[in-house]
Amino acid sequence: MSYNTIGFVAAHYPEAQQALVLMTHRYGNHPIEDADVVVCLGGDGYMLRTLHAAMDRGVPVYGMNRGSVGFLMNTFNQDDLPERLENSEAAILHPLHMEAHDLEGNIHTALAINEVSLLRETRLAAKISISIDGKERMEEMICDGVLVSTPAGSTAYNASAHGPIMPIGSELLALTAISAYRPSRWRGALLPREAIVTIGVRKPQERRVSATADYTEVRNIEKVIIREDKEATTTLLFDPEHNLNERIIKEQFLL
C-alpha cells in the first residue's frame, strides 16, 4: 500500500528529536490530521501514546526505534522510508476497555493496548476476587496485584510477571497474578478474547488498590470490569522481516 503523506511524531529525548529533524528534512512532515500514516520516533512507551492518539482517526502507525526496548518498533534508518512503508505488514489490534469503580462511587473508563493492571497501594497485600462472564472463579486471592493482557502486550508487564507470551492472532487474553501469596501456585489463566473479567477488591478502604490501563491510573478502586473493545481498532505497521508475530516467537526463546 502506498502512503502519500507522512506525519512524524517524536519523543522528547534528544535521540528521537534528532531523528525528527533528519526525517523531516528528507521527507517533509504533514500535520497528523492530514497524514496517511504516522511515523513514530521513540520507544515503546511513546508508541503506546501515539497509538492511542491515532486510534480515533484510524490512521496506521509505523514505529522507528529511537528509545530503549523498542519491541513495537522497526529499526531506525533514514533511507528508503516510502518503500519500507509500502512493503510493510499490518497488525490490527483491539484494545481492552477498563471500567474502574472507585470508593467514592465514580466510574472511570480508559483503553489499554497492552494491559490493565491492578496493584496494591499500601504495605498491605491486596485481597481480590475474580469473576469471568459473571461467574465467580476465585473467591479470594492475596497478592500484590493482577493484570489482564492483550497478545500485543503479553511481552511487556505480563511477561515480567511470568505470564504467557501469546501470538498476535491467538484471540486470547492473559489473566496473570502479580506476586500471588495465596493461592501460592496459581499463576494465571488464558481466556477467550470475548471474556468479560470482573475483579473485585476485598476490604478496599483498608487494602487500597489502584488500576491502570496502559498509562491511565485510577486509585482507590473497589471493582474493575475489563473486556475487549471490538469497536476500537489501531493498526501497527512492521517491516516484513521483523513483524510482530516473529518478535513474539523470538521473545520466547531469549535466555
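Build a GNM of the chain with springs between Cα atoms under 10 Å apart, and of L81, L172, L118 the one that fluctuates most is L81. Note on L190 and S160: the extension gain reaches 9.2 nm, defined as 0.36 nm multiplied by sequence separation minus the Cα-Cα distance.
State which helices in the chain qualify, where a helix is a whole DSSP H run, it must extend 15 Å or more along its own axis by its Cα atoms, and its mean Kyte-Doolittle hydropathy must be at least 0.0. Helices meeting the criterion: 44-55. 3J(HN,Hα) along segment 185-194: 9, 7, 10, x, 8, 9, 10, x, 5, 7 Hz, from the Karplus curve 6.51 cos²θ - 1.76 cosθ + 1.60 with θ = phi - 60°, whole Hz, x for Gly and Pro.
Can you give me the pair-distance distribution of segment 96-228, C-alpha pairs, 5 Å bins, whole percents? The percentages, shortest bin first, are 2, 12, 23, 26, 22, 11, 3, 1, 0. Note on the chain: helix-only mean residue ellipticity at 222 nm, from DSSP H runs of 4+ residues weighted -39500 (n - 2.57) and normalised by residue number, equals -5000 deg cm²/dmol. Each Lys and Arg contributes +1 and each Asp and Glu -1, all at the Cβ; summed about the Cα centre of segment 96-228, the dipole is approximately 540 debye. FRET efficiency for the pair Q78 and E136, taken as 1/(1 + (r/R0)^6) with r the Cβ-Cβ distance and R0 = 51 Å, rounds to 0.40. For the chain, the tally of Lys pairs with Cα-Cα distances below 29 Å comes to 8, considering only residues 8 or more apart or on different chains.
Amide H contacts of A10 (H built 1.01 Å from N, in plane; Pro and chain starts excluded): L41 sit under 5 Å, all sequence-distant by 5 or more or on other chains.
Counting Lys and Arg as +1 and Asp and Glu as -1 over every other residue whose Cβ lies under 15 Å from the Cβ of A195, the net charge comes to -3.
Reported to the nearest whole Å, the Cα centre-to-centre distance from segment 1-54 to segment 64-97 is 11. This model, with +1 at the C-beta of Lys and Arg and -1 at the C-beta of Asp and Glu, gives the chain a dipole about its Cα centre of some 1200 debye. Which residues does the label zone of T5 cover in segment 29-50, counting backbone N under 11 Å from a point 7 Å along Cα→Cβ? Answer for this model: 30-37.
Each Cα pair under 8 Å and six or more residues apart adds its separation to the average, and for segment 93-192 the resulting relative contact order is 21 percent.
Throughout, read-outs are computed from the coordinates displayed, never taken from laboratory work. Every value quoted in this text rests on a predicted model; they were computed, and no experiment measured them. All Cβ positions, glycine included, derive from the backbone under ideal geometry; neighbour counts span all protein chains shown.
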